[in-house]
1. Could you grab me the full set of residues in the stretch 177-210 that are under 16 Å from ARG59 (Cα atoms) and surrounded by fewer than 23 Cβ atoms within 10 Å (Cβ to Cβ)?
2. Answer yes if at least one residue in the stretch 125-141 is under 15 Å from VAL99 (Cα atoms), open to solvent by less than 60 Å² (accessible area, probe 1.4 Å), of a type outside the set (Gly, Ala, Ser) and touching a residue at least 40 places away in the same chain (Cβ under 8 Å), and no otherwise.
3. So in the stretch 49-64, with the set limited to residues that are of a type outside the set (A, V, I, L, M, F, W, C) and either at pLDDT 95 or above or not in a loop (DSSP other than H, G, I, E, B) (or both), which one is most open to solvent (accessible area, probe 1.4 Å)?
4. Condition check: at pLDDT 95 or above, out of contact with any strand residue (DSSP E or B) (no Cβ under 8 Å at 6 or more places or on another chain) and not polar (S, T, N, Q). Does ALA167 satisfy that?
5. Answer yes or no as to whether GLN79 is surrounded by fewer than 22 Cβ atoms within 10 Å (Cβ to Cβ) and under 21 Å from ASP210 (Cβ atoms).
6. Take the residues in the stretch 17-32 that are outside any strand (DSSP E or B) and hydroxyl-bearing (Ser, Thr, Tyr), then tell me which one is surrounded by the fewest Cβ atoms within 10 Å (Cβ to Cβ).
7. Kindly provide the set of residues from the stretch 33-43 that are surrounded by fewer than 23 Cβ atoms within 10 Å (Cβ to Cβ) and part of a loop (DSSP other than H, G, I, E, B), ordered by number.
8. For the stretch 171-194, state whether one or more residues are in a helix (DSSP H, G or I) and under 11 Å from VAL110 (Cα atoms).
Amino acid sequence: MTEPSSVGSAVDAFAQLDHERTKRRGYPEAIYCTGKTPEQLGMIAAAVRDQPYVTLFTRANKEQAAAILAELPGAFHDQDAHLLAWPPTIPDATGGLVVVLAAGTSDLPVAKEAQLTACYLGRPTELIVDVGVAGLHRVLGRLDVLRQARVVIVAAGMDGALPSVVAGLIAAPVVALHTSVGYGAAFDGLAALLAMLNACAPGVAVVNIDNGYGAGHLAAQIAAP
């Protein structure tokens, strides 16, 4: 395990950690792991070990997660969402309910990234899975929960139709989270992106393809007390 004091100058060579972001914005910095080496992530993990705020590590592959856990052995790790959190304890929930819908099981990794992000940013959350438009009775059967939400995140690929359906049924804003799920003409989420940008129902905000972290962060801000 590396001592934080011994890694400060080494981390500065490739990253400038924003330790003041919580004071400035009310929410801490997250570490996007894609493109970083396991060694770099290990040094970053050591540098944030004693910080008082939550640090999320997003999009961590197996090797990257192992390097983080070597420095933060008690960290929360969800392998499906490719997300780690330090410290692992979930903050006390305040504000409005964030409901996350996954249209299909294939959308679940991105949906879980969104749900865990909102959760670690201090919001009460509920995850509802496999309620895509191919069986509308499934989402209609959860209207009682949806209508309790301050904001709803809808993760969907293929035709990306579910956010418009949900937005037409509830009063709360909807965060449309398109995933790269689908056959060839889905173009790795581009078809769903265009569908969501052209949503007929008002009150739909759109984040980037597979950007569960961005969706969860936006929802946490909307649902703030």
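The values are calculated or read from the model by the stated rules, or taken from the named source; none is laboratory data. None of these values were measured; they are calculated from a predicted model. Quick reminder, even Gly has a Cβ in these numbers, built from the backbone with ideal geometry, and neighbours come from all protein chains shown. Note: areas computed on protein heavy atoms with side chains; ligands, DNA, RNA excluded. Shrake-Rupley method; radii C 1.70, N 1.55, O 1.52, S 1.80 Å.
1. SER180, ASN208, ILE209, ASP210
2. no
3. Here is the first cut: in the stretch 49-64, the residues of a type outside the set (A, V, I, L, M, F, W, C) are 49-53, 55, 58-59, 61-64.
Then drop every residue that is not either at pLDDT 95 or above or not in a loop (DSSP other than H, G, I, E, B) (or both), which leaves 55, 58-59, 61-64.
Working: THR55: 3, THR58: 7, ARG59: 76, ASN61: 72, LYS62: 165, GLU63: 112, GLN64: 12 Å².
Result: LYS62.
4. On the way: at pLDDT 95 or above: yes; out of contact with any strand residue (DSSP E or B) (no Cβ under 8 Å at 6 or more places or on another chain): no; not polar (S, T, N, Q): yes.
No, not satisfied.
5. Yes; evaluated as a whole, the condition is true for this residue.
6. Once the filter is applied, the top-ranked residue is THR22.
7. Hits for the stretch 33-43 are THR34, GLY35, LYS36, THR37.
8. no
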